[in-house]
Structure formats: structure tokens, C-alpha cells
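Enquirer: I'd like to ask you about the structure that follows.
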Amino acid sequence: MTKLTIPTVAFTTLGCPKNEVDTDLMRKAVEAAGYYSSEYSDEVGNSADAIVVNTCSFIQEATEASIEAIFDALALTLPSGSATQKERPPVIVAGCIVNRYAEDLSEEMPEVTAFIKVGDTDALVKVLRDCLPAASQLPIVRAETEARSYEYLRIADGCDRKCTFCTIPSIRGSYVSREPEDILTQAQALVDAGTYELIVIAQDISRYGTDLETDTNLIHLLNQLAVIPKLKRLRLMYLQPEGLTDELLQTMAKHSTIVPYLEIPLQHIASRILKAMGRNPRDVENFQVQLAKARELMPDLTVRTTLIAGFPGETAEEFNQLCVFVEEASFDYVGVFPYSPEDETRAAELPDQLDDSLRLERAQYIRDLADQIGWQSTADRIGQELEVLVEGHDSAEGVLVARAAHQTPDIDGIVRITPPKDSSIEDFFATYEVNSYLKVEFVDSLLYDMDAIPTSA
């Protein structure tokens, strides 16, 4: 009797956490169809039976990175000495770049087996069944059964805003909230499995529930999520400035599980530029008032924002206004992007487009300014004692890798914990497992990273 070999599908993900959620949904669909799934790497890529590249296409730079990743996957999966497409394991391109450029891509990349739009897991499974050997007749149980130290909890998808520079509504469609019962069920299951930090995401979490017939909103949802037994951290991401209400601040301050962390994309401060962006200047003006309230309610508050430099028509005075704002607001973290004129956006058609070099120069100036403030904010934490979440063991450096509450995964730096002098590396690693919490004292900092030692408490 011939032994059934179950194909493996490897996934690679580019872009924001919302894309990571999409990848996870695709992996679950693939496993339910009877295929193995794995994370993509050079080693895995050479042995995988198919590769799915989940792309980002928010701005030109992201699109270019996605195209490079596609070509890398095509190059990796071509067997040595092979020259025909039939001998090439299928490479499937999914996600945002497909929603934007599907027709162009199919002409430019005939080697790609299929292009799958955002969220179309049924189409992905159909492609795999058409081009791979028979899968298992039963759903596959993922090999890596250990809970992750954090999980993204997407409460809505899409966007109804009309920002003139943004492609997201055309990629992901209108704003659609998930039913609260589904969100709470997923959250409880993740915590039951051993994940104790949940990160609430959507394009704009403050709009949650406005499209549902039921009487629910973000505050109602947070009040239920925050009291899930064993949940240690509930982090809120992607909150538009008008969503920073008194009620939200009071809710955050009331629940110890809600991390005192705000991620609010402001984009600019100059009223004329905000109007040209399709954003309401009053929202940003009100943000400064609400930020002062937030810091009074939550003295240990961490604040991140994103800004765009070099928007069409931005004058030297308006740019200087943005610089002054960055200095006065004292953000802990700032993501800065040079304006990117994206296809089929209204901003790309505006007059007075700035030269590439000037946009890059202004973005770098803001980035340098914000980094000096952010690095000092990080250094100011030296001497504090806090509980951190252990996320890995770095044997080469002889340290535990962890995250404090003020650090969001992948973007805000890490904590490196060195063992006590009387402890061996092996004993130290054995004592503090991944996905455990440990109280430490910060003893040094480097840029946004921190060094720490365990405390006796």
C-alpha cells in the first residue's frame, strides 16, 4: 500500500499585523483542507510543496518589497537545472497587491500559479487542490501547538474614511465589524490556550460596532475583554484621533489589564495639510487636549503616532510646525513616512507635488528629531522595576529576550535580560520559559532596546 505524503504549504507575510491575521486565516483554511502549513524560510522554501506570499501594497515601498519577496520565492523554488514551469512548485501570491494590481501582475509574472485577493481562502484552497497531490482526508493539527506570547485580535476590517493619500479602502473595502460574540469566543479560546497578551486591531478600532444592528461599541467590548480570567495584557492599536474620548480613557484607566499605550496615526498637524489629506483638523487639535488628560489619568502612558512628511504643497512653515509639534508632544515612538503618490488616490493628482529628495529629506529630519526624544524616553526608564513578558532565549548573547508593556511586538524595541552572576545560562533559560512573566530592573538602554536583570521579587 502506498504511503500518503501530505503536501506542505509555506507562508510568508509582509506588511502590518492585519496581514498577519489574514495569513493565520489562510493557514487554518489550508490545514482544514488537509495540508500541512509552515512559516516560510530559505530552508523551508526549498522543501515546501507550495509557497504563499501574502503581500502588502499600502505604499510604493511596500509594493516593491512585496514584488521582491515574490521573485525571491520563485527563485528559491526553482529546482537546480530546471527550466520549465511544470517542475516549479507553485508560488501563490495573495493579499493587498493582488487587489490593486492583479491584471498587471499576471502579465509581468506568468510563473506565479495564482493570484488570490484579500480574504479569499476558498480560492486558495481550490488552487492548492488543483495543483498539489491529494491531501489528508482529515484536518491537519498544526505542529507548533505551543501558545504564542501574544495574538492579534482583529475586531473589524476595511475602512470608510476618505483620506486622499490612502489605498486601504480600495484594497479592503468598507468598514465591517465582527460580531462581539465571535470576538469574545476567540479571545477566550486564545487565553485558554495560554496566550496572555491580546492586541486589539482594526483600521480604526474606535469605530467598532457602528455598522452593527446590535447595541455595542468599543467600550462595551473592552469592558468584556478586559475581565477575561488569566488575561494579563490587552493592547489597543490603530485608534484614530477622534476616538480618544473621555469614556475610552476612563475605561483604560479602570482596567489593569488594558495596557496604558496609545497608537494614534495623526499624519500631520498643519490645518491646511490635514484638510488636503481629507482629515479633520479639529480632531488633531482635540487630540492634544485629550493627550494631556490621558497622561494625567495614566502617568505611565506610552504614546506612538505616525506622520507623513512632504505632502503635496507642504510649505517650509508647515513642515516647521510639524517639527515643533513633535518636540512639544514628546511621543515615545514615531513612525515617519515620506509622502508616496499612490496610483488612483486623489492626493496623487494634487498640484505642487514635492520632489522625491525633499520628501525624503523632511521625513529623515522628523525621524531623527523623534528618535532623539524617543531614545531619551527609553533611557528615562533605567532604574524602573517592571514585569516583562519573556519571548525567547538568545543563546549566542546569553540573554532572555522579552517585552515590557510599553513595547508593542516588532516595532518598539525589546528587553534583554542577563542572568544573575551565580546562575548558569542553562539554568537561567530553564527557569524562565518563553511566554512567562518576569519582574526585572532596567539597567541600561540602547536606542529603543533595554537591558535588564531579574529582581528578587
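Enquirer: Across the range 169-198, what is the number of residues that are under 30 Å from Y101 (Cα atoms) and polar (S, T, N, Q)?
Expert: Within the range 169-198, residues that are under 30 Å from Y101 (Cα atoms) and polar (S, T, N, Q) number 3.
Enquirer: Is it true that some residue in the range 256-275 is of a type in the set (S, T, Y), within 20 Å of the chain's Cα centre (by Cα) and within 21 Å of A347 (Cβ to Cβ)?
Expert: No; the residues of the range 256-275 include none that is of a type in the set (S, T, Y), within 20 Å of the chain's Cα centre (by Cα) and within 21 Å of A347 (Cβ to Cβ).
Enquirer: Report, by residue number, each residue of the range 433-454 that is at pLDDT below 90 and surrounded by fewer than 13 Cβ atoms within 10 Å (Cβ to Cβ). Before the answer, list the steps.
Expert: Applying the first criterion (at pLDDT below 90) to the range 433-454 yields 433-436.
If the condition is that a residue be at pLDDT below 90 and surrounded by fewer than 13 Cβ atoms within 10 Å (Cβ to Cβ), then E433 is the only one that fits.
Enquirer: Sticking with this one: Just give me the residues in the range 257-278 being under 30 Å from R233 (Cβ atoms) and touching a residue at least 40 places away in the same chain (Cβ under 8 Å), in sequence order.
Expert: V259, P260, Y261, L262, E263, I264, P265, L266, Q267, listed by residue number.
Enquirer: Here is a check on your reading of the model: is I411 closer than 30 Å to S340 by Cα, aliphatic (A, V, I, L, M) and within 20 Å of the chain's Cα centre (by Cα)?
Expert: Yes, satisfied.
Enquirer: Got at least one residue in the range 344-357 being among the polar types (S, T, N, Q), assigned to a helix (DSSP H, G or I) and within 17 Å of T306 (Cα to Cα)? Steps first, please.
Expert: Going through the range 344-357, the residues among the polar types (S, T, N, Q) turn out to be 345, 353, 357.
Retained after the next criterion (residues that are assigned to a helix (DSSP H, G or I)): 357.
Filter again for within 17 Å of T306 (Cα to Cα), leaving none.
Within the range 344-357 (the criterion being among the polar types (S, T, N, Q), assigned to a helix (DSSP H, G or I) and within 17 Å of T306 (Cα to Cα)), the answer is no, since none of the residues qualifies.
Enquirer: Quick one: is Y208 among the aromatic types (F, W, Y), in contact with a strand residue (DSSP E or B) (Cβ under 6 Å, 6 or more places away or on another chain) and in the same structural domain as N320 (by TED's automatic domain parsing)?
Expert: So Y208 fits the description; yes.
Enquirer: Shifting gears a bit: Exactly one of (1) in a helix (DSSP H, G or I); (2) under 27 Å from S174 (Cα atoms); (3) at pLDDT 95 or above is unmet by R235. Its number?
Expert: (1)
Enquirer: Which one of these is modelled with pLDDT of 95 or more and over 21 Å from the mean Cα position of the chain (by Cα): Q137, Q224?
Expert: Sole residue among the options that is modelled with pLDDT of 95 or more and over 21 Å from the mean Cα position of the chain (by Cα): Q224.
Enquirer: Among the residues of the range 191-224, count how many are surrounded by 20 or more Cβ atoms within 10 Å (Cβ to Cβ), touching a residue at least 60 places away in the same chain (Cβ under 8 Å) and farther than 30 Å from S170 by Cβ.
Expert: Here the count works out to 3.
Enquirer: Take L198 and decide whether it is more than 20 Å from G335 (Cα to Cα) and assigned to a strand (DSSP E or B). I'd like the intermediate steps shown before the answer.
Expert: Working: more than 20 Å from G335 (Cα to Cα): yes; assigned to a strand (DSSP E or B): yes.
Taking the combined requirement at face value, the residue satisfies it.
Enquirer: OK, next. Give the residues of the range 296-328 that are outside any helix (DSSP H, G or I) and of a type in the set (S, T, N, Q), sorted by residue number.
Expert: T302, T305, T306, T315
Enquirer: Here's a follow-up. Would you check if L184 is at pLDDT 95 or above, crowded, with 21+ Cβ neighbours inside 10 Å, of a type outside the set (D, E, K, R) and outside the structural domain of P409 (by TED's automatic domain parsing)? Give the steps one after another, and end with the answer.
Expert: Values: at pLDDT 95 or above: yes; crowded, with 21+ Cβ neighbours inside 10 Å: no; of a type outside the set (D, E, K, R): yes; outside the structural domain of P409 (by TED's automatic domain parsing): yes.
Criteria not met by L184.
Enquirer: With the requirement that a residue be assigned to a loop (DSSP other than H, G, I, E, B) and touching a strand residue (DSSP E or B) at 6+ places or on another chain (Cβ under 9 Å), what does the range 211-232 give you?
Expert: Correct list: D211, L212, T216, A226, I228, L231, K232.
Enquirer: Any residue at all in the range 300-314 that is without any contact (Cβ under 8 Å) to a residue 40 or more places away in the chain and outside the structural domain of S445 (by TED's automatic domain parsing)?
Expert: no
Enquirer: Does V176 qualify as being among the hydrophobic types (A, V, I, L, M, F, W, C), surrounded by fewer than 19 Cβ atoms within 10 Å (Cβ to Cβ) and touching a strand residue (DSSP E or B) at 6+ places or on another chain (Cβ under 8 Å)?
Expert: yes
Enquirer: Now a separate question. Could you list, in sequence order, the residues of the range 130-139 that are assigned to a helix (DSSP H, G or I) and either free of Cβ contacts under 8 Å to residues at least 12 places away in the same chain or within 20 Å of D22 (Cα to Cα) (or both)?
Expert: D130
Enquirer: Further, regarding this structure: So, of the residues in the range 429-457 that are more than 18 Å from A405 (Cα to Cα) and not in a loop (DSSP other than H, G, I, E, B), which turns out to be nearest to the chain's Cα centre (by Cα)?
Expert: Step by step, filter the range 429-457, then rank; the result is F429.
The values are calculated or read from the model by the stated rules, or taken from the named source; none is laboratory data. These numbers come from a predicted model, not from an experiment. For neighbour counting, all protein chains shown are included, and Cβ atoms are generated from backbone atoms with ideal geometry for every residue, glycine included.
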